[in-house]
1. Take region 361-588, compute every pairwise Cα distance, and split them into 5 Å bins from 0; I just need the percent in each bin.
2. For region 234-303, what does the equivalent ellipsoid look like in terms of its semi-axes, each the square root of 5 times an eigenvalue of the Cα gyration tensor, given largest first in whole Å?
3. Over the chain, what is the relative contact order in whole percent, taking alpha-carbon pairs under 8 Å and six or more residues apart?
4. So how do 335-342, 177-184, 207-214 stack up, highest first, on mean other-Cβ count within 10 Å?
5. Length gain on complete extension for the stretch S332 to W302, per 0.36 nm per residue less the alpha carbon to alpha carbon distance?
6. In what sequence, highest mean first, do 70-83, 463-476, 117-130, 284-297 appear when ranked by Cβ atoms within 10 angstrom?
7. First check a/c for region 434-516, with a ≥ b ≥ c the square roots of the eigenvalues of its C-alpha gyration tensor; if it is under 1.5, answer rounded, and if not, answer prolate when a/b is larger than b/c or oblate otherwise.
8. Determine, for each peptide in 527-536, 52-61, 421-430, 498-507, the mean count of other beta carbons within 10 angstrom over its residues, then list the peptides with the highest first.
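Read-outs throughout are calculated quantities, based only on the coordinates presented, and are distinct from any laboratory measurement. Here the structure is a predicted model, which is why all the values come from computation and not from measurement. Glycine also receives a Cβ, built like all others from the backbone with ideal geometry; neighbour counts cover every protein chain displayed.
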Amino acid sequence: MTAPDETSRRALLTDARARTDSEYDSEYDGEDDGAGWTPDLDRTPETLRRLRELRRDHRGRRNRELGVLAYTLFLLVLGYGSTLGYRFARQLEYAAAQGDTAEALRRALPTALVLAAFAFALAAARDALWRGPVIVPRPALAWLLDQPVDRARVLRPAFRLTAALALTAGVLGAEGGAALLWLAGLAPLGEALALCLPAGVCLPLLAVSLGLHVERRPQQAHLVRRLTPYAVLLLAALAAAAAWAATGGRSGVPEACLLWSGPWGWAVVPVVHAVRVPASGTAGAWPVAVVLLASCTLAALWHAHRGAASVPSRLLRARAATAATVASVLWSAELRAARLAVSEALGGQGSRSGRLRLPMPRNRRLVVVWRDAAALLRSPGRLGGAALWTAAGAGLAGLAASLHSPVSRTVLLAAALLFGYLGVGKLAEPARLEADDLRRSSWSSFRFATLMLHHALVPALAGGLLALLAAVPFALNGGTRALALMPLCALTFAAAAVLAAVRGPVRTELLFLGVPTPFGDPSVVVFVLWYAGPALVSVTGLTLALGGTLGPGSAAGVSGYALALLLALPAGMLPVARRLSGKLHAAGR
């Protein structure tokens, strides 16, 4: 068979699968869900009893596996978490002993807690786009729901299970939050626990109800996708307001309006009363907030429980397929495949910004740059995400520059650089797509290694421009060196992003080296170093380069050393990326 015949055969098979899936979806489009069931033909108890008998052995094996996993996680948390938790508690107590720190926490707490509630609601709504609170196994979708059974008996238990798990996590989170308030010296333990419980009980149930509302209505899912960028901007504004409040710039009236604006604020009012935040507009009114929060939660939960039985089978099948894909690839440590599956579900029908066009370049050497720039313009979410990560990194860098402790300054600088790496990494998606499927590079006349190096240009240029904009506040406050040093970080991050794209498939064999050492088997450490190698090298190198430039008395020689290292890092990583690209292309032939 010749190559064109093979290509035609694959195209016909793909079209046939698409038509089959389309016909299957149109047959079960949600309008006839439950149409075969009537109270007179109810066989639900017998069907569910027979299904439990058939799945008894499978449930036993699954429960044993989950028990072993839970026991392993418990040992890890007990072995490592207890030491880390003790050290964190001691440091928190020491910080709380400083009067300025405790007052800063008290001032920032109302806005910070509203920020956390908003973020929790956004996470629940986004989670419902690909998974949702009603999770039904694929065998049950393929067989059980097609039988004359009551859909409510199948779907509502799944909703109740999700609500119970969320409630458990919320109560544990409320207990942990009360312990933190007590350790920080902001409130007595008993009062903090009692006033944190309304938020720990009601917010998870409200989030589950919101997720069900998004899961069962495609119109609401489309609305969530459209409003997500604005919600992220709102979260960024709340984070800036919390930081401003911590420095003493609180405004009582906007803060009171925020606390009484909805369930996200009603849940915070009792906690604000417990920590005695002055002039917050909540004095003596926390019982009213608790009543409003409880009433809203009961109404939302009742409505969601009723609507759990009406989730269309088409949407259940799509979410079950995505959840199964994510679960399977996570067990094999293929995080990239899990991210692609979730991103495809979150993206919906794609962006409507396809009308943006760039003029074609006259020089063929600029085709890759033109292609990457056009793809970036047609995906404004990636550019907005990169801008947010860059802004967060610049904020942390500014906070690090204001500290006097060298250790704290270095830690915050490393976190800021990690945010910068994530921002530039979002701009390097074409390089990752090209490395995921080597057949995609057949359009280019360049060698694959050269093509991958060209993919680093747009992330470096766009990331450098964002870093230059983020460096303007530093320059206005006397840090003119940031105008030169911060954009150069994008070169290192772009090289690291391309290097991460061409490192090849996940090498799970590194998890089973079996090398005995006095500290145990280092397999997990070796795997983490291999997987996060580009990020670790770039962040560590830039931390060493820029650490001496943050101090108030840093000399020009330090900046010269930083400049030399900023140029040496990408110069060292790009040849490695080129060599790995050649190996990846040779292995994929």
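1. P(r) for region 361-588, in whole percents per bin: 1, 7, 13, 17, 17, 15, 12, 9, 6, 3, 1, 0, 0.
2. Result for region 234-303: semi-axes of 24, 15, 8 Å.
3. Working: 655 pairs, mean separation 73.2, N = 589.
For the chain, the relative contact order is 12 percent.
4. 207-214, 177-184, 335-342
5. Gain on extension, S332 to W302, equals 6.9 nm.
6. 117-130, 463-476, 284-297, 70-83
7. Numbers: a/c = 4.30, a/b = 1.58, b/c = 2.71.
In terms of gyration-tensor shape, oblate.
8. Details: 527-536: 16.1, 52-61: 10.0, 421-430: 24.7, 498-507: 21.1.
Averaged packing, sorted descending, gives the order 421-430, 498-507, 527-536, 52-61.
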